[in-house]
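The values are calculated or read from the model by the stated rules, or taken from the named source; none is laboratory data. Remember, predicted model here, so these are calculated numbers, not experimental data. Reconstructed Cβ throughout: ideal geometry from the backbone, glycine too, with neighbour counts over all protein chains shown.
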Amino acid sequence: MKPSARAAYRWMKAGISATAMPALIVPLTQNALNDLTIRGAALDMRGFRLHRARTTLWAPKDSMLQRVARYGMVLLILAEAGVWIWLR
């Protein structure tokens, strides 16, 4: 007897047919997954988070060129404001 046939025989012997198994398993797993989302949301509301800071954005790391460009733009804005005040 094959192992799969042996398992089916055990289920049939217990009074559960092979067609009834999905009807039993699907609601149980669906309920378990639903409970996980609810419990996870409750823990998140209480402050037990995966990450310490609460944010919706996990920004990727910047390259050196992006960092230089960003700080360069800030310096350019400050220089323009200084020139505007100076020439006023």
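Restricting the first member to the range 62-78 and to residues that are without any contact (Cβ under 8 Å) to a residue 24 or more places away in the chain, and the second to residues that are outside any helix (DSSP H, G or I) and surrounded by 10 or more Cβ atoms within 10 Å (Cβ to Cβ), the beta-carbon pairs closer than 8 Å and six or more apart or on different chains are Arg70/Asp62. Taken together, the criteria exclude Gly15 from residues that are out of contact with any Gly (no Cβ under 6 Å at 6 or more places or on another chain), at pLDDT 70 or above and at positive phi.
Whether any residue in the range 47-69 is part of a helix (DSSP H, G or I), at pLDDT 85 or above, surrounded by 10 or more Cβ atoms within 10 Å (Cβ to Cβ) and small (Gly, Ala, Ser) is what I want to check. Yes, the conditions are met somewhere in the range 47-69.
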